[in-house]
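Peer 1: Have a look at this one.
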Amino acid sequence: MTKEIEIRLSGSGGQGLILGARVLAAALASEGLNVAQSQSYEPTSRGGLSRSDLVVSDGEVDYPLVTALDYLVIMDQVAAHASTELLKPDAVVIIDSSRVDSPPQGAFTTCAFPLTEIARRAGSGRVANIVALGVLTGSGGPCSRESVEKAVSDHAPRGFRELNLNAFGEGCRLVDGMAGGSDLQSRPARTSNTRR
């Protein structure tokens, strides 16, 4: 039976959402999965609503656009409520609490971290997208840490490889620190091989 996973990285223009989705798509493809990527953004170069979506399947992707999200990353308040109606009840929503004051509410699991602040401490606020990929991966995301780390290394802009790898590691460590009492860590559907 074919299993599909739908992922959206959302925020505002200039946050590296398309690059983040390309990195994640490369990691998923390296594990033998099929990936369809699409993106949408407002005509402003910075600040307008932006998103990049992935539909992932162990078989052929039936429809290339998201219809029911398993994972949602929200990097800016402008995107906070734009995708709520697409979330599955068991979805995982990762929020940049540095930039989102009013997150969506629902039955889904929410994981909020100050991603932009952590990125700044790692060397640049511009790698908050890669910190978010670390959180997504560390929270039992759709592929292995090793695959995403290699994709980050392969797709990082020239001269920024170490910065991006450090940002990815910081994101993974955020979730590692939640082990034990975390609802996010204890959900079997997110930590077993059923989602990979």
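Peer 1: Where residues in the stretch 112-124 are hydrophobic (A, V, I, L, M, F, W, C) and part of a helix (DSSP H, G or I), which of them is nearest to A80 (Cα to Cα)?
Peer 2: To start, the set of residues in the stretch 112-124 that are hydrophobic (A, V, I, L, M, F, W, C) comprises 112-113, 115, 118-119, 122.
Among the residues that remain, those that are also part of a helix (DSSP H, G or I) are: 115, 118-119, 122.
Details: L115: 15, I118: 20, A119: 20, A122: 25 Å.
Per the stated criteria, the residue is L115.
Peer 1: Still on this structure: Of (1) closer than 15 Å to G140 by Cα; (2) without any contact (Cβ under 8 Å) to a residue 12 or more places away in the chain, R120 satisfies all except one. Which?
Peer 2: For R120, the failing item is (1).
Peer 1: If the requirement is being modelled with pLDDT under 95, buried (at least 22 other Cβ atoms within 10 Å of the Cβ) and in a helix (DSSP H, G or I), which of these qualifies: V175, V127? Can you show your working first?
Peer 2: Details: V127 fails: modelled with pLDDT under 95.
Only one candidate passes the filter, namely V175.
Quick grid of which residues meet (1) surrounded by 14 or more Cβ atoms within 10 Å (Cβ to Cβ); (2) under 17 Å from A128 (Cβ atoms); (3) β-branched (V, I, T):
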position: I18; (1), (2), (3): yes, yes, yes
position: R22; (1), (2), (3): yes, yes, no
position: A36; (1), (2), (3): yes, no, no
position: R51; (1), (2), (3): yes, yes, no
position: Y71; (1), (2), (3): yes, yes, no
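Peer 1: Give the residue, chosen from L133, L163, that is over 21 Å from R8 (Cα atoms) and either in contact with a strand residue (DSSP E or B) (Cβ under 6 Å, 6 or more places away or on another chain) or modelled with pLDDT of 95 or more (or both).
Peer 2: On the way: L133 fails: over 21 Å from R8 (Cα atoms).
Criteria check complete, one pass: L163.
Peer 1: List every residue pair whose Cβ atoms sit under 9 Å apart, with the two residues 6 or more apart in sequence or on different chains, where the first one lies in the stretch 138-166 and is farther than 12 Å from L24 by Cβ and in a helix (DSSP H, G or I) and the second, anywhere, is modelled with pLDDT under 95 and β-branched (V, I, T).
Peer 2: Going by the 9 Å Cβ cut-off, the qualifying pairs are G138/V175.
Peer 1: Now for a separate question. From the list E31, E42, which one is over 14 Å from the mean Cα position of the chain (by Cα), among the acidic types (D, E) and at pLDDT 95 or above? Walk me through how you get there before you give the answer.
Peer 2: Values: E42 fails: at pLDDT 95 or above.
So the residue among E31, E42 that is over 14 Å from the mean Cα position of the chain (by Cα), among the acidic types (D, E) and at pLDDT 95 or above is E31.
Peer 1: Against the definition (surrounded by 14 or more Cβ atoms within 10 Å (Cβ to Cβ) and at pLDDT below 90), how does L184 come out, yes or no?
Peer 2: Working: surrounded by 14 or more Cβ atoms within 10 Å (Cβ to Cβ): yes; at pLDDT below 90: yes.
Yes, satisfied.
Peer 1: Those residues that are more than 24 Å from D76 (Cβ to Cβ), without any contact (Cβ under 8 Å) to a residue 60 or more places away in the chain and in a loop (DSSP other than H, G, I, E, B), I need them from the stretch 13-61; list them, please.
Peer 2: G32, D58, G59, E60, V61
Peer 1: Then there's this: S139 is checked against (1) modelled with pLDDT under 95; (2) surrounded by fewer than 20 Cβ atoms within 10 Å (Cβ to Cβ); (3) under 22 Å from E4 (Cβ atoms); (4) hydroxyl-bearing (S, T, Y) and fails just one. What number does that condition carry?
Peer 2: It fails just one condition, (2).
Peer 1: Still on this structure, please answer the following. Keeping to the stretch 90-111, report how many residues are outside any loop (DSSP other than H, G, I, E, B), within 14 Å of G11 (Cβ to Cβ) and out of contact with any Cys (no Cβ under 6 Å at 6 or more places or on another chain).
Peer 2: Filtering the stretch 90-111 for residues outside any loop (DSSP other than H, G, I, E, B) gives 90-96, 109-111.
In the following step, the residues that additionally are within 14 Å of G11 (Cβ to Cβ) were identified as 93-96.
Next cut, out of contact with any Cys (no Cβ under 6 Å at 6 or more places or on another chain) only: 93, 95-96.
Residues meeting the conditions: 3.
Peer 1: Looking at the stretch 86-105, which of its residues are surrounded by fewer than 17 Cβ atoms within 10 Å (Cβ to Cβ), out of contact with any Phe, Trp or Tyr (no Cβ under 8 Å at 6 or more places or on another chain), farther than 15 Å from R51 by Cα and not small (G, A, S)? Outline the logic, then answer.
Peer 2: If we filter the stretch 86-105 for residues that are surrounded by fewer than 17 Cβ atoms within 10 Å (Cβ to Cβ), which is where we start, we get 86, 88-90, 97, 101-102, 105.
Among the residues that remain, those that are also out of contact with any Phe, Trp or Tyr (no Cβ under 8 Å at 6 or more places or on another chain) are: 86, 101-102, 105.
Checking which are farther than 15 Å from R51 by Cα leaves us with 101-102, 105.
The answer is D101, Q105.
Peer 1: On the basis of being under 15 Å from the mean Cα position of the chain (by Cα) and of a type in the set (V, I, T), does V93 make the cut? So that I can check it myself, show each step before the final result.
Peer 2: Values: under 15 Å from the mean Cα position of the chain (by Cα): yes; of a type in the set (V, I, T): yes.
It is true that V93 is under 15 Å from the mean Cα position of the chain (by Cα) and of a type in the set (V, I, T).
The values are calculated or read from the model by the stated rules, or taken from the named source; none is laboratory data. This structure is a prediction, so every number in the text was calculated from the model and none was measured. Neighbour counts run over all protein chains shown; Cβ positions are idealised from the backbone, glycine included.
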